[in-house]
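Visitor: Here it is, the structure in full.
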Amino acid sequence: MSSKDIVRPSLNEKIRWGEKAQVVRVKETLEEENSLVDFVLEWKRRTAKNLRKVEIQEGVRQNTVYTIQHIFHDGKEVETKKKVKKIEKKPVKRLVFLNQRDYPIKIYDLSKLKKIRLVATAYWVGDPQVPGTITYSGHRVRRGLVAVDPSVIPLGMRLYIPGYGYAYSSDTGSAIKGKRIDLFVENKAVSRNWEHKKVDVYLLERAKAW
């Protein structure tokens, strides 16, 4: 008999004449249960500054671990107790494409995507080092179009660059070799913010259009 077993009458009571003692065998089992919430939103910001309307989201992937206690009396389950053991949170950052009604049409989980550390510079219309206003891929220059070395980042790649935003690799440049990236910006004053600045460039996917 274990210390959890139930004795009737109790061990502190006297048994009357003709009364039989009853022992209820008590058994307890424990198990763990996980409840995963893929994304809990904590912060978001919408912008249409670069090429298309997007939303940057920050949140957590949350897993709640429960301990479940099962109590049996003589082999029959009589009670179940469930309590939280721990809550595990992992930071998640997402880039979301929005349609004209602000509904999500594409979601990129940046925490799962490849990123490359590059040195960024910037160019603008009128930049003496830029020969024209049409990119190598045939697009008219605009904010969000960037120049890359195709041996590092292929042309036609959707990108995300923190601090700059959503981007699309559409151009090349004689000075853009190796781990370099050239960002199109509004003017020369803005370009000064990107003078040989190290950035993480997230590779979203190859696409025929941005």
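Visitor: Output the residues belonging to region 58-87 that are assigned to a strand (DSSP E or B) and small (Gly, Ala, Ser). Give the derivation first.
Guide: Going residue by residue through region 58-87, those that are assigned to a strand (DSSP E or B) are 58-73, 76-87.
Scanning region 58-87 gives a single hit, Gly59.
Visitor: For region 115-134, what are the residues that are farther than 16 Å from Arg180 by Cβ and either surrounded by 16 or more Cβ atoms within 10 Å (Cβ to Cβ) or not assigned by TED's automatic domain parsing to the domain that holds Val201 (or both)?
Guide: As a first pass, look at region 115-134 and keep what is farther than 16 Å from Arg180 by Cβ: 124-126, 128, 131-134.
Result: Trp124, single match.
Visitor: Name the residues in region 164-185 that are surrounded by 19 or more Cβ atoms within 10 Å (Cβ to Cβ) and either out of contact with any strand residue (DSSP E or B) (no Cβ under 8 Å at 6 or more places or on another chain) or more than 15 Å from Gln129 (Cα to Cα) (or both), would you?
Guide: If the condition is that a residue be surrounded by 19 or more Cβ atoms within 10 Å (Cβ to Cβ) and either out of contact with any strand residue (DSSP E or B) (no Cβ under 8 Å at 6 or more places or on another chain) or more than 15 Å from Gln129 (Cα to Cα) (or both), then Tyr164, Gly165, Tyr166, Ala167, Tyr168, Ser169, Ser170 are the ones that fit.
Visitor: Follow-up. Residue by residue through region 60-103, note down the ones that are hydroxyl-bearing (Ser, Thr, Tyr) and in contact with a strand residue (DSSP E or B) (Cβ under 7 Å, 6 or more places away or on another chain). Please lay out each step first, then the result.
Guide: As a first pass, look at region 60-103 and keep what is hydroxyl-bearing (Ser, Thr, Tyr): 64, 66-67, 80, 103.
Within region 60-103, Thr64, Tyr66, Thr67, Thr80 meet the criteria.
Visitor: For Arg142, work out the one condition from (1) outside any strand (DSSP E or B); (2) in contact with a strand residue (DSSP E or B) (Cβ under 9 Å, 6 or more places away or on another chain); (3) free of Cβ contacts under 8 Å to residues at least 60 places away in the same chain; (4) not hydrophobic (A, V, I, L, M, F, W, C) it doesn't fulfil.
Guide: Of everything listed in (1) outside any strand (DSSP E or B); (2) in contact with a strand residue (DSSP E or B) (Cβ under 9 Å, 6 or more places away or on another chain); (3) free of Cβ contacts under 8 Å to residues at least 60 places away in the same chain; (4) not hydrophobic (A, V, I, L, M, F, W, C), Arg142 misses just condition (3).
Visitor: Looking at region 84-101, I want the residues that are within 21 Å of Thr67 (Cβ to Cβ) and have a partner that is of a type in the set (Val, Ile, Thr) and surrounded by 11 or more Cβ atoms within 10 Å (Cβ to Cβ) with Cβ atoms under 6 Å, at least 6 apart or on another chain. Which pairs are those?
Guide: Note: pairs meeting the criteria are Lys85/Val65; Lys85/Thr67; Lys86/Val65; Ile87/Thr64; Lys89/Val60.
Visitor: Here's something else I'd like to know. Mind counting the residues in region 85-114 that are of a type in the set (Val, Ile, Thr) and either modelled with pLDDT under 95 or touching a Ser or Thr at 6+ places or on another chain (Cβ under 6 Å) (or both)? Steps first, answer last, please.
Guide: So the first thing to find is which residues in region 85-114 are of a type in the set (Val, Ile, Thr), and the list is 87, 92, 96, 105, 107.
When the remaining residues are screened for being either modelled with pLDDT under 95 or touching a Ser or Thr at 6+ places or on another chain (Cβ under 6 Å) (or both), the result is 87, 92.
Selection size over region 85-114: 2.
Visitor: Got a sec? Which of Leu30, Leu41, Leu36 is on the phi < 0 side of the Ramachandran plot, in contact with a Gly (Cβ under 8 Å, 6 or more places away or on another chain) and surrounded by fewer than 16 Cβ atoms within 10 Å (Cβ to Cβ)? Walk me through it before giving the result.
Guide: Values: Leu30 fails: in contact with a Gly (Cβ under 8 Å, 6 or more places away or on another chain); Leu36 fails: in contact with a Gly (Cβ under 8 Å, 6 or more places away or on another chain).
Only one candidate passes the filter, namely Leu41.
Visitor: Then there is this: Return the residues of region 92-138 that are polar (S, T, N, Q) and either part of a loop (DSSP other than H, G, I, E, B) or under 27 Å from Val60 (Cα atoms) (or both); say none if nothing qualifies.
Guide: Narrowing region 92-138 to residues polar (S, T, N, Q): 99-100, 111, 121, 129, 133, 135, 137.
Selection gives Asn99, Gln100, Ser111, Gln129, Thr133, Thr135, Ser137.
Visitor: Out of Leu183, Leu203, which single residue is in contact (Cβ under 8 Å) with a residue 60 or more places away in the chain, part of a strand (DSSP E or B), more than 19 Å from the chain's Cα centre (by Cα) and under 20 Å from Ile56 (Cβ atoms)?
Guide: Values: Leu203 fails: more than 19 Å from the chain's Cα centre (by Cα).
When all the criteria are applied, what remains is Leu183.
Visitor: Which of (1) of a type in the set (Asp, Glu); (2) assigned by TED's automatic domain parsing to the domain that holds Lys93; (3) outside any strand (DSSP E or B) is the odd one out, the single condition Glu19 does not satisfy?
Guide: (2)
Visitor: When the residues of region 189-210 are filtered to those that are among the basic types (Lys, Arg) and surrounded by fewer than 14 Cβ atoms within 10 Å (Cβ to Cβ), which remaining residue is farthest from Arg140 (Cα to Cα)? So that I can check it myself, show each step before the final result.
Guide: Here is the first cut: in region 189-210, the ones among the basic types (Lys, Arg) are 192, 197-198, 206, 208.
Among the residues that remain, those that are also surrounded by fewer than 14 Cβ atoms within 10 Å (Cβ to Cβ) are: 192, 198, 206, 208.
Numbers: Arg192: 22, Lys198: 26, Arg206: 20, Lys208: 16 Å.
Per the criteria, the residue is Lys198.
Visitor: If you don't mind, another one. Just checking, does region 148-171 include any residue being hydroxyl-bearing (Ser, Thr, Tyr), in contact with a Pro (Cβ under 8 Å, 6 or more places away or on another chain), outside any helix (DSSP H, G or I) and modelled with pLDDT of 95 or more?
Guide: Taking every residue of region 148-171 in turn, at least one turns out to be hydroxyl-bearing (Ser, Thr, Tyr), in contact with a Pro (Cβ under 8 Å, 6 or more places away or on another chain), outside any helix (DSSP H, G or I) and modelled with pLDDT of 95 or more.
The values are calculated or read from the model by the stated rules, or taken from the named source; none is laboratory data. Please read all numbers here as calculations on a predicted model, not as lab measurements. As a convention, Cβ positions derive from the backbone with ideal geometry for all residues, glycine included, and neighbour counts pool all protein chains shown.
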